[in-house]
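Novice: First the structure, then my questions, so here it is.
The values are calculated or read from the model by the stated rules, or taken from the named source; none is laboratory data. The shown structure was predicted, so the numbers you read here are calculated from the model rather than taken from an experiment. For neighbour counting, all protein chains shown are included, and Cβ atoms are generated from backbone atoms with ideal geometry for every residue, glycine included.
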Amino acid sequence: MSIRTSTFSRAAVVGFLLLASVASAHAAATSIVAGTDCWQTDPTDTVARMEFPAGFFTRGGQTSLAFGPVQVPVQGVPLPAGTCTCQNQNQTVEMQWVDVHGTPVPDDSEHKVSQVVSTYDTCVRRNTDTVLTASGVGVTVPIELLELHLVSVAPISVPMSAGGPCTYTVNILEEGTQVAGSLKFTPDGKPLNKGDLEMISLPVGYELQFTEENGCDAEPNSTVLSVTFQNTNGTFKFGRSDAGPSMNAWAATAVVALLLLGLSFMIWRRQSFGNTAS
């Protein structure tokens with residue numbers, strides 16, 4: 001009898017450890033691996049405020065008159081395939097911005113984006129893994145602009161001191177050293193794979209490039225500028241694209257309980273038949 005009790009005790013200990021391991025696995029922190037988010041600009045909601053002082057463009061002895069400020073509609077220019085790696089380790093991260101955020105031009109500009117993994121014009125990298133530990137607990141991760149290419153929907157017309165205006169198509173591209181900003185993830189429940197998103201800040205170094213459209217040879221002054229986007233809100237959701245069906249905590253616990261019951265029954269039968277045989 002003492003042998004049977006000892007065996008059942010060992011089985012109970014094994015079962016308790018299995019149950020504890022299941023609970024621990026489901027209570028563990030959830031990680032969003034570092035990776036690159038690829039965005040596509042919505043031209044219907046994106047405008048760039050442009051303003052150039054008198055003399056910004058020069059053509060021989062002529063100079064441009066003051067231009068703007070005007071709201072210039074801009075759209076994304078698709079980057080070459082493979083420019084950015086839009087997924088990392090088979091994990092997909094979906095971001096949905098609920099309002100517009102700044103485009104790299106002066107004040108009063110708006111840039112509306114949606115996240116994609118195919119045709120994109122903007123790439124922002126999350127530089128470290130994001131470890132989410134509890135619902136409602138926000139985690140901040142450093143981010144950095146990798147690629148950007150926007151273009152004016154229509155050419156702008158810049159008045160000159162003589163000889164008629166010059167018209168230009170304006171391209172907006174990332175330029176120079178990009179300083180890291182920050183993005184905050186706050187899960188809103190369990191599991192921890194979705195919740196609120198906030199772009200706390202994203203410094204951007206950018207350049208304006210002008211393409212002449214009417215044969216005007218006026219050249220612009222230096223156009224390497226910088227700006228910081230901040231306080232843009234949204235939501236996030238992520239998962240593994242290669243993941244198959246998975247059990248929740250209750251299902252996993254039920255499986256362990258059944259295994260424990262089966263193990264106990266086998267031990268009981270072995271002990272019973274062993275005692276009968278003796």
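Novice: How many residues are farther than 9 Å from A48 by Cβ and either surrounded by 18 or more Cβ atoms within 10 Å (Cβ to Cβ) or of a type in the set (S, T, N, Q) (or both) when one looks only at the range 69-83?
Specialist: So the count comes out to 4.
Novice: Here is a further query. Hey, among V131, V137, V179, which residue is farther than 29 Å from P73 by Cα and part of a loop (DSSP other than H, G, I, E, B)?
Specialist: Values: V131 fails: part of a loop (DSSP other than H, G, I, E, B); V179 fails: farther than 29 Å from P73 by Cα.
Step by step, each of V131, V137, V179 is checked, and only V137 is farther than 29 Å from P73 by Cα and part of a loop (DSSP other than H, G, I, E, B).
Novice: Same structure again: Going through the range 182-196 one residue at a time, which ones are touching a strand residue (DSSP E or B) at 6+ places or on another chain (Cβ under 9 Å) and assigned to a loop (DSSP other than H, G, I, E, B)?
Specialist: Selection gives D188, G189, P191, L192, N193.
Novice: Out of A66, A29, A48, A34, which single residue is surrounded by 19 or more Cβ atoms within 10 Å (Cβ to Cβ) and either aliphatic (A, V, I, L, M) or over 16 Å from Q115 (Cβ atoms) (or both)?
Specialist: The match here is A48.
Novice: Select from the range 66-80 the residues that are of a type in the set (V, I, T) and either within 25 Å of the chain's Cα centre (by Cα) or not assigned by TED's automatic domain parsing to the domain that holds M50 (or both) and list them in ascending order.
Specialist: V74, V77
Novice: Just a yes or no: is a residue in the range 81-100 of a type in the set (D, E), within 22 Å of Q209 (Cβ to Cβ), at pLDDT 50 or above and in the same structural domain as T128 (by TED's automatic domain parsing)?
Specialist: Taking the range 81-100 and keeping what is of a type in the set (D, E), we get 94, 99.
Imposing the further condition that a residue be within 22 Å of Q209 (Cβ to Cβ) reduces the set to none.
No.
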